[in-house]
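Step one of this worksheet: look at the structure below.
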Number of protein chains: 2
Amino acid sequence: MPQQNRTLTAMSASDFTAAVASEIDRFLAARRDQLLDIDASLAPVAQAAFDFTAGGKRVRPLFCWWGWQGAGGDPADPRLVAAATSLEFVQACALAHDDLMDRSDTRRGEPSMHRRFEAHHRDINGLGDPVGFGAGAAILLGDMFLSWSDEILLTSGMPVDVLLSARRIFDAMRTEVTAGQFLDLAEQSRVDLDVGRAELVMRFKTAKYTVERPLHLGGVLAGADPALLSAYSAYALPIGEAFQMRDDVLGVFGDAEHTGKPSGDDIIEGKHTVLVALAMQRGTPAQRETLSAALGNPDADVAAARQILTDTGALAEVEDRIEELTARALEALTGAGIGENARQGLTDMAYAATRRSR
Amino acid sequence: MPQQNRTLTAMSASDFTAAVASEIDRFLAARRDQLLDIDASLAPVAQAAFDFTAGGKRVRPLFCWWGWQGAGGDPADPRLVAAATSLEFVQACALAHDDLMDRSDTRRGEPSMHRRFEAHHRDINGLGDPVGFGAGAAILLGDMFLSWSDEILLTSGMPVDVLLSARRIFDAMRTEVTAGQFLDLAEQSRVDLDVGRAELVMRFKTAKYTVERPLHLGGVLAGADPALLSAYSAYALPIGEAFQMRDDVLGVFGDAEHTGKPSGDDIIEGKHTVLVALAMQRGTPAQRETLSAALGNPDADVAAARQILTDTGALAEVEDRIEELTARALEALTGAGIGENARQGLTDMAYAATRRSR
């Protein structure tokens with residue numbers, strides 16, 4: 001298949017993520033000019049936008065890219081690079097706002113957005129409350145990222161009729177992820193844990209948002225038919241859940257040096273993950289009591305919580321589920337009319353998403 | 001002019017604002033269905049979206065409508081109603097997020113969004129911090145409103161090439177208003193007040209956002225030429241500044257029963273308005289000290305602050321400026337190729353914006 005050899009040579013996954021990074025910088029350079037035209041004092045806002053979008057694994061753009069290729073799109077098409085980059089801006093909004101809501105101090109080893117501007121307020125000896133200033137700045141930066149997400153999609157150069165179809169996916173995705181965040185917020189306000197509710201949050205906050213909708217977006221941009229989009233869903237939903245469960249395991253057992261988050265952060269933040277909900281379901285009254293007391297406690301005994309997650313078999317069950325979901329996702333790739341190149345790419349993504357240490 | 005008589009009959013300004021309200025409800029009914037399909041527990045989110053967008057003077061849609069008519073658009077065109085309604089969703093986001101940043105308890109006499117969800121958290125005996133829950137909910141609702149703003153614009157039924165031109169206005173506007181909010185946030189962290197900086201905030205947070213960009217949006221949707229857009233700007237920027245200065249006067253001297261905000265709220269919140277900046281510029285050291293101490297002080301002596309704003313002549317100067325800016329805006333309407341109907345409408349809007357009590 002000479003076509004596929006050519007495209008493989010034309011752009012690898014790491015070439016693509018580099019192209020996404022360049023596209024972010026190109027787009028943000030224009031936004032910086034726009035902000036500085038308004039007032040020079042907005043320079044720290046522009047700089048924060050660059051810094052906050054500089055890292056990351058570009059998971060959502062990558063799924064979009066494979067969704068595009070699986071429907072026959074040229075992997076080196078710069079219009080797809082721009083369209084896929086829109087997902088990084090939705091994510092930048094979600095991260096800035098999530099970190100604020102979760103009171104997270106760090107993001108990828110750097111201060112989170114509200115913490116950055118809190119420090120800025122102290123540096124300039126600002127009047128009033130630095131915490132309120134940091135929160136306000138994080139809210140507004142997130143709003144800018146969200147506005148910019150559709151700006152970059154609509155100026156990607158894709159044909160307008162295709163764009164309007166893609167927008168239906170994009171719009172559904174943004175409502176879904178915000179709804180998922182709301183369900184997560186409501187979940188943290190509940191005393192009891194429930195596996196089914198934790199799964200619901202996972203489906204909307206991660207599986208659909210991180211995998212299914214990006215694949216659909218790329219697919220629709222390349223003119224995918226409904227059967228292909230269904231095949232993408234059959235792969236995406238299990239792999240998205242497996243991806244989130246790997247995150248949940250890393251959130252308790254992960255190494256801070258790899259994850260860029262304090263070790264045991266999910267326990268301290270009191271997240272109602274499937275992992276923790278399973279331990280609560282299976283634990284003895286004493287284990288449940290200890291785990292309950294640790295959740296959301298800044299001085300939690302993380303080691304004791306880890307022991308309970310292990311002893312109850314919750315960790316083993318989650319690992320089993322990750323294996324099973326990954327197998328189901330890979331199975332879904334075999335029947336569908338997905339090109340060999342994209343099938344291989346999505347297989348690699350499945351392993352990367354579920355067998356990582358960060 | 002039978003054409004104009006027909007259109008005047010077809011839709012009055014109050015018909016138009018009623019149509020905007022219906023369009024909001026139609027759009028939100030579909031969003032509610034989408035949210036309830038995700039999970040029934042999202043019902044309070046959907047209800048909050050209805051309630052929060054139910055009131056308001058629809059100022060921005062009205063300017064959009066006059067901008068459309070001034071360029072020859074049919075006032076009864078339902079596509080314009082949908083497109084103009086997008087501005088109400090941008091505004092709903094700005095209000096939800098602004099109230100949170102300003103720690104405002106009320107909006108149009110009802111609890112602000114974060115306060116509403118704070119109360120909800122208490123009603124359900126939620127775990128953890130009700131204030132954090134309220135803040136998170138207000139952030140997420142605002143994000144939904146922002147996402148929905150471009151969704152309703154792009155699904156308005158306008159021709160796609162026109163929509164893509166209109167998007168440039170819309171995108172610029174959203175970046176400008178968020179930048180203006182950031183400048184305002186930074187302004188509140190400064191010890192000193194400055195008339196020039198207060199004017200800059202006013203230009204971006206109000207004049208361009210509330211008047212100029214809505215007029216441009218309506219104009220571009222109707223195919224306005226650059227000369228007409230310039231004429232809109234020559235009207236919009238002064239009237240927008242006058243509109244904001246009227247707001248600033250009402251924020252200190254307004255009647256709570258009319259404004260729906262506590263009397264003297266701007267003093268208590270410590271807003272750096274042009275009105276206050278002028279008083280600081282003109283006041284004696286003793287007046288400046290008293291006013292400084294009142295700004296941002298929940299127990300401020302509002303009557304004393306009012307007296308200083310009056311005694312320094314700051315209030316009179318602001319009233320003079322409002323008169324002068326209004327005259328300049330109306331003057332800008334005479335030369336431009338704006339139809340008689342829109343000219344009359346924009347004249348009425350100028351008076352309504354600057355001679356109101358709420």
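Annotations
- In the range B:128-146, burial by the other protein chains removes 10 Å² or more of accessible area from B:Asp129, B:Gly132, B:Phe133, B:Gly136, B:Ala137, B:Ile139, B:Leu140, B:Asp143, B:Met144, B:Leu146, compared with the chain on its own (1.4 Å probe, ligands and nucleic acids ignored).
- The same position A:Tyr351 in the other copies lies at 7.6 nm from this copy, comparing label points 7 Å beyond Cα toward the beta-carbon, shortest first.
- Note that the range A:321-331 has calculated 3J(HN,Hα) couplings of 4, 4, 4, 5, 5, 5, 4, 5, 5, 5, 4 Hz, one per residue in order, obtained from phi through the Karplus relation 6.51 cos²θ - 1.76 cosθ + 1.60 (θ = phi - 60°); glycine and proline are x.
- Rg to Rh, two decimals, where the range A:169-298 supplies the alpha carbon set and Rh follows Kirkwood: 1.05
- Per residue of A:99-107, other chain Cβ atoms within 10 Å of the residue Cβ number 2 on average.
- At 7 Å out from Cα toward Cβ: B:Ala286 inter-copy label distances (nm, ascending): 7.5
- In this structure the protein assembly as shown gives 38 Å² per residue of accessible area when probed at 1.4 Å with all protein chains present.
- Highest-first arrangement of B:36-47, B:340-351, where packing means the average Cβ count within 10 Å: B:340-351, B:36-47
- Phi angles of the range B:86-101 translate, via the Karplus equation with coefficients 6.51, -1.76, 1.60 and θ = phi - 60°, into HN-Hα couplings of 4, 5, 5, 7, 4, 5, 4, 4, 4, 5, 4, 6, 4, 4, 5, 5 Hz per residue; Gly and Pro are given as x.
- Rounded percent of accessible protein surface that carbon and sulfur make up, the range B:89-155, 1.4 Å probe: 48 percent
- Contact surface B-A: accessible area buried, both sides summed, square angstrom, 1.4 angstrom probe: 4600 Å²
- Taking all protein chains as they are arranged and a probe of 1.4 Å, the heavy atoms of A:Lys271 leave approximately 60 Å² accessible to solvent.
- Close amide H partners of A:Thr106, meaning residues 5 or more places away or on another chain with modelled amide H under 5 Å apart, are A:Ser112.
- When B:Lys261, A:Lys57 are compared by accessible surface with a 1.4 Å probe, the order from highest to lowest is A:Lys57, B:Lys261.
- Note on B:Ala293/A:Glu110: beta-carbon distance plugged into 1/(1 + (r/R0)^6) with R0 of 51 Å gives a FRET efficiency of 0.85.
- Peptides A:249-260, A:71-82, A:134-145 ordered by packing proxy, namely the average of other Cβ atoms within 10 Å per residue, highest first: A:134-145, A:71-82, A:249-260.
- Averaged over peptide A:36-42, the number of partner chain Cβ atoms lying within 10 Å of each residue's Cβ comes to 5.
- Translational diffusion coefficient (Stokes-Einstein; Kirkwood radius from C-alpha pairs) of chain B at 37 °C, 0.692 mPa s, in µm²/s: 154 µm²/s
- Portion, in percent, of the accessible area of the range A:314-358 that falls on carbon or sulfur, probe 1.4 Å: 49 percent
- Ranking by accessible area, most exposed first, for A:Trp66, B:Trp65 with a 1.4 Å probe: A:Trp66, B:Trp65
- Karplus (6.51, -1.76, 1.60) ³J(HN,Hα), θ = phi - 60°, over the range A:341-346, in Hz, Gly and Pro reported as x: 4, 5, 4, 5, x, 6
- GNM top mover of B:Ser112, B:Ser14, B:Ser147 - chain B, alpha-carbon springs below 10 Å: B:Ser14
- Here chain B is assigned +1 on the Cβ of each Lys and Arg and -1 on the Cβ of each Asp and Glu. Its dipole about the Cα centre then comes out at about 500 debye.
- Across the identical copies, the 7 Å label point of A:Pro262, projected outward along Cα→Cβ, sits 3.4 nm from its counterparts, in ascending order.
- Accessible-area composition of the range A:160-247, carbon plus sulfur, in percent [1.4 Å probe]: 54 percent
- For the segment B:184-195, counting C-beta atoms of other chains within 10 Å of every residue's C-beta and taking the mean gives 5.
- In the distance distribution for the protein assembly as shown, Cα-Cα pairs more than 38 Å apart total 39 percent.
- Paramagnetic reach from A:Arg358 in the range A:33-75 [backbone N under 11 Å; point 7 Å along Cα→Cβ]: A:56-57
The values are calculated or read from the model by the stated rules, or taken from the named source; none is laboratory data. The structure presented is a predicted model; accordingly, all values stated were derived computationally and were not measured. Counting neighbours? That spans all protein chains shown, and the Cβs are built from the backbone with ideal geometry, glycine included. Ligands, DNA and RNA are stripped out before the accessible areas are found, and what is left, the full protein with its side chains, is counted by its heavy atoms. Shrake-Rupley method; radii C 1.70, N 1.55, O 1.52, S 1.80 Å.
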